[in-house]
Amino acid sequence: MVAVAAAVAGPLPGGLAMLAFALGTFPWLFAVGVAGHALARTAGSVLRYAAIALLLLNAGTLGAIAWATTVP
């Protein structure tokens, strides 16, 4: 989106493009934040352990990918 705003003819259209992007994404970002907060209040301890497991799985996956692409 920044590239689109930079490619337009001037600062005012670029600013309006960024404003349109912000107004278009804000409702979904707000909804995800509210849902995440509500979910954390109801199942916080379970989600904490699930998040730890997913982060470790992600780190292992990215490490394996990096190893496979750099080690002959």
Study note, to complete from the structure: If you go through Leu29, Leu12, the only one that is of a type outside the set (Gly, Ala, Ser), in a helix (DSSP H, G or I), exposed (fewer than 11 other Cβ atoms within 10 Å of the Cβ) and modelled with pLDDT of 95 or more is Leu29
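Which one of Thr70, Thr42, Thr61 is among the polar types (S, T, N, Q) and either touching a Leu at 6+ places or on another chain (Cβ under 6 Å) or surrounded by 10 or more Cβ atoms within 10 Å (Cβ to Cβ) (or both)?
Details: Thr70 fails: either touching a Leu at 6+ places or on another chain (Cβ under 6 Å) or surrounded by 10 or more Cβ atoms within 10 Å (Cβ to Cβ) (or both); Thr42 fails: either touching a Leu at 6+ places or on another chain (Cβ under 6 Å) or surrounded by 10 or more Cβ atoms within 10 Å (Cβ to Cβ) (or both).
The unique qualifying residue is Thr61.
Of all residues in the range 1-15, which are of a type in the set (A, V, I, L, M) and under 23 Å from the mean Cα position of the chain (by Cα)?
Here is the first cut: in the range 1-15, the ones of a type in the set (A, V, I, L, M) are 1-9, 12.
Met1, Val2, Ala3, Val4, Ala5, Ala6 - these are the residues of the range 1-15 that are of a type in the set (A, V, I, L, M) and under 23 Å from the mean Cα position of the chain (by Cα).
The values are calculated or read from the model by the stated rules, or taken from the named source; none is laboratory data. All of these numbers come straight from a predicted model, not from anything done at the bench. Positions of Cβ are generated from backbone atoms using ideal geometry, with glycine treated the same way; all protein chains shown enter the neighbour counts.
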